[in-house]
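Reviewing the structure listed below.
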Amino acid sequence: MILVNGNVIIIPSVILYMTIRGVVVGRKYKNHVPIQWLKEMIHLLFIVYIGFVVSVTLFPFPIGFPTQSHHLLFSINVVPLVSVIHDISQIGTAYSGDVFFMIKLIVRNVGGNILMFMPLGFLVPLLWEKAKSLKVVIQIGLVVSITIECLQLLESFSGGWGRVTDIDDVIFNVLGSILGYMVYVLIMRIGGRN
């Protein structure tokens, strides 16, 4: 089995985007069309963010066929919050009773899923006029998170052994997009006053 590093896909994708946007901005400049530099920077930031999410959630990507399939039984969780509750119940007993390690593991898993989607909830309303409502941000967060989980499931079928398709990830990802949207609303209100 071969593991493909995310940089093989992500770095060329960002370079390609920057090249195409560079040509578009160059044409606008040549034709004396006003360029919204802040919007261009937000678009670039969004592309880099998407590359980061893809890199963290889907890579390294295994290429090959699994020789064993018993790991698939442990790579799916569809019961909400059961993995978090299980991890909490393991504090003091798992990892030779290392309480701090277990707490750090839980915080990293829950907090990481929330933090990873906060930029989505913040950037999407900045980029698209139709995505300025909480409902749309929740829908986008839900679709993106479910897509990632489905791709991770496919990755498990192709021989990936480190990924878990977990409903908890979807819950915390959507919560992160909601928090990101709240930050967006707060900044827009503060900006509106000033």
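Taken over segment 70-81, the criterion of being surrounded by 13 or more Cβ atoms within 10 Å (Cβ to Cβ) and either free of Cβ contacts under 8 Å to residues at least 60 places away in the same chain or of a type outside the set (A, V, I, L, M) (or both) is satisfied by HIS71, SER75, ASN77, PRO80.
Based on this model, can you work out whether GLY160 counts as surrounded by fewer than 18 Cβ atoms within 10 Å (Cβ to Cβ), at pLDDT below 95, of a type outside the set (A, V, I, L, M) and over 16 Å from the mean Cα position of the chain (by Cα)? So GLY160 does not fit the description; no. Residues being more than 17 Å from the chain's Cα centre (by Cα), outside any helix (DSSP H, G or I), at pLDDT 90 or above and polar (S, T, N, Q) are represented in segment 23-35 by at least one member.
Considering only residues in segment 163-174 that are under 12 Å from the mean Cα position of the chain (by Cα) and in contact (Cβ under 8 Å) with a residue 60 or more places away in the chain, the one that is least open to solvent (accessible area, probe 1.4 Å) turns out to be ASN173. Against the condition touching a Pro at 6+ places or on another chain (Cβ under 6 Å), modelled with pLDDT under 95 and open to solvent by less than 70 Å² (accessible area, probe 1.4 Å), how does GLY191 come out, does it pass? It is false that GLY191 is touching a Pro at 6+ places or on another chain (Cβ under 6 Å), modelled with pLDDT under 95 and open to solvent by less than 70 Å² (accessible area, probe 1.4 Å).
The number of residues in segment 102-126 that are surrounded by 13 or more Cβ atoms within 10 Å (Cβ to Cβ) and either farther than 23 Å from GLY176 by Cβ or among the hydrophobic types (A, V, I, L, M, F, W, C) (or both) comes to 15.
Suppose the filter is in a helix (DSSP H, G or I), β-branched (Val, Ile, Thr) and more than 24 Å from GLU40 (Cα to Cα); does VAL183 pass it?
Against the criterion (in a helix (DSSP H, G or I), β-branched (Val, Ile, Thr) and more than 24 Å from GLU40 (Cα to Cα)), VAL183 does not qualify.
Mind checking whether some residue in segment 82-100 is outside any helix (DSSP H, G or I), in contact with a Phe, Trp or Tyr (Cβ under 9 Å, 6 or more places away or on another chain), more than 18 Å from ILE50 (Cα to Cα) and in contact (Cβ under 8 Å) with a residue 40 or more places away in the chain? Within segment 82-100, not a single residue is outside any helix (DSSP H, G or I), in contact with a Phe, Trp or Tyr (Cβ under 9 Å, 6 or more places away or on another chain), more than 18 Å from ILE50 (Cα to Cα) and in contact (Cβ under 8 Å) with a residue 40 or more places away in the chain.
If you take the residues in segment 118-151 that are charged (D, E, K, R) and in a helix (DSSP H, G or I), which one is nearest to the chain's Cα centre (by Cα)? In this case the residue turns out to be GLU149. Open to solvent by 90 Å² or more (accessible area, probe 1.4 Å) and part of a helix (DSSP H, G or I): does that describe ILE9? No: the conditions fail for ILE9.
The values are calculated or read from the model by the stated rules, or taken from the named source; none is laboratory data. Because the structure is a prediction, the values reported are computed rather than measured. We place every Cβ from the backbone using ideal geometry, glycine too, and count neighbours over all the protein chains shown. Just so you know, the surface numbers come from the protein's heavy atoms only, side chains and all, with ligands and any DNA or RNA stripped out. Shrake-Rupley method; radii C 1.70, N 1.55, O 1.52, S 1.80 Å.
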